[in-house]
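Only the coordinates and a few stated rules stand behind these numbers; no lab work does. Bear in mind that the values here come from a model prediction, so they are computed numbers and not experimental data. Don't worry about glycine lacking a Cβ; one is built from the backbone with ideal geometry, like all the others, and counts go over all protein chains shown.
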Amino acid sequence: TGAAGAGSQARTETCRRASASGTGGAIAAEPMGTEAEVTGGSGAARAAVGPGASMPVQRRTAVLFTWRPMLLARMDEIATLVSTELGKNLEEARGVVINVIEACETAVAAPMLMKGESLMNVSRGHDTVSYKEPLGVFAGIAPFNFPAMIPFGWMVPLCIVTGNTMVLKPAEFPTLSA
């Protein structure tokens, strides 16, 4: 269809220059998503709600278990990008990646918080039951000072585990790590 969605990349030809924080030099040409691509991404997120919500919680949690080794394997690459974009030293940038990994490790415990509750005999012959269910599509806006850690540590893992989907708007500057 030409619209971005379900993890696809923008196909627009309109780009802006991404600069290294420390030097101001160009490091990439960032595509500027069109209205049709944003609409397509939102539509893809809505379409994914049903399958994601009906997926058993242990399968949703398993996604994070597969993500962790990928983050570890590419830690230096991701840390270099964060360092270049934000002007952080490389050790601090590695700490950002470690924070994302730790947040993913914490998110795998979310199913324990997702359990419903019940109370018998609230009144004579009446019991109460509550269920915690996926809500749908979440929107996230990455902050400029933590463009990787906040969305990929605090937002995306919890959306995955709870059976929700997410549309992420990168920070205006920098955007490559988001």
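Just for the chain, what percent of DSSP beta bridges are antiparallel, to the closest 5?
65
Work out the length of the dipole vector of the chain about its Cα centre, built from +1 on the beta-carbon of each Lys and Arg and -1 on the beta-carbon of each Asp and Glu, and round it to the nearest 20 debye.
Its charge dipole is roughly 380 debye.
Using a 10 Å cut-off on Cβ atoms, rank the peptides 110-118, 61-69 from the highest mean neighbour count down.
61-69, 110-118
Please list log₁₀ I(q)/I(0) at q = 0.17, 0.18, 0.21 Å⁻¹ for the stretch 40-141, using the Debye equation with identical point scatterers on the alpha-carbon positions.
-0.98, -1.03, -1.13
So what's the back-of-envelope 222 nm ellipticity for the chain, counting only DSSP H runs of four-plus at -39500 (n - 2.57) apiece and dividing by all residues, rounded to 500?
-13500 deg cm²/dmol
Rounded, prolate or oblate for the stretch 82-152? Axes are the square roots of the Cα gyration tensor eigenvalues, ordered a ≥ b ≥ c, and the cut-off for rounded is a/c under 1.5.
The shape class here is prolate.
Note down the relative contact order for the chain as a percent, whole number, built from C-alpha pairs under 8 angstrom at least six residues apart.
Relative contact order comes out at 24 percent.
How big is the shadow of the Cα convex hull of the chain, averaged over all directions, in nm²?
Averaged projected hull area, Cα only: 12.4 nm².
Please give the peptides 136-144, 39-47 ranked by average Cβ packing (other Cβ atoms within 10 Å per residue), highest first, as a rough proxy for protection.
39-47, 136-144
Name all residues of the stretch 90-119 having a backbone nitrogen under 20 Å from the label point set 7 Å from the Cα of THR66 along its Cα→Cβ direction, giving them as ranges.
101-111
Taking the simple approach of a point 7 Å from Cα along Cα-to-Cβ for both GLU102 and PHE144, what is their distance in nm?
In this crude spin-label approximation the distance works out to 2.6 nm.
Once the dipole of the chain is set up with Lys and Arg at +1 and Asp and Glu at -1 on Cβ about the Cα centre, which of GLY22, ALA171, GLY87 lies farthest towards its positive end?
It is ALA171, whose Cα lies furthest towards the positive end.
Could you check the simple spin-label distance between SER123 and SER19, using points 7 Å along Cα→Cβ, in nm with one decimal?
Between SER123 and SER19, the simple spin-label model gives 6.7 nm.
Label the stretch 116-173 by shape, choosing from rounded, prolate and oblate, from the square roots a ≥ b ≥ c of the eigenvalues of the Cα gyration tensor; if a/c is under 1.5 it is rounded, and otherwise prolate applies when a/b is larger than b/c, oblate when it is not.
It is prolate, given that a/c is not under 1.5 and a/b is the larger ratio.
What FRET efficiency do you get for GLU35 and LYS132 if R0 is 41 Å and r is their Cβ-Cβ distance, rounded to the nearest 0.05?
In this case the efficiency is close to 0.75.
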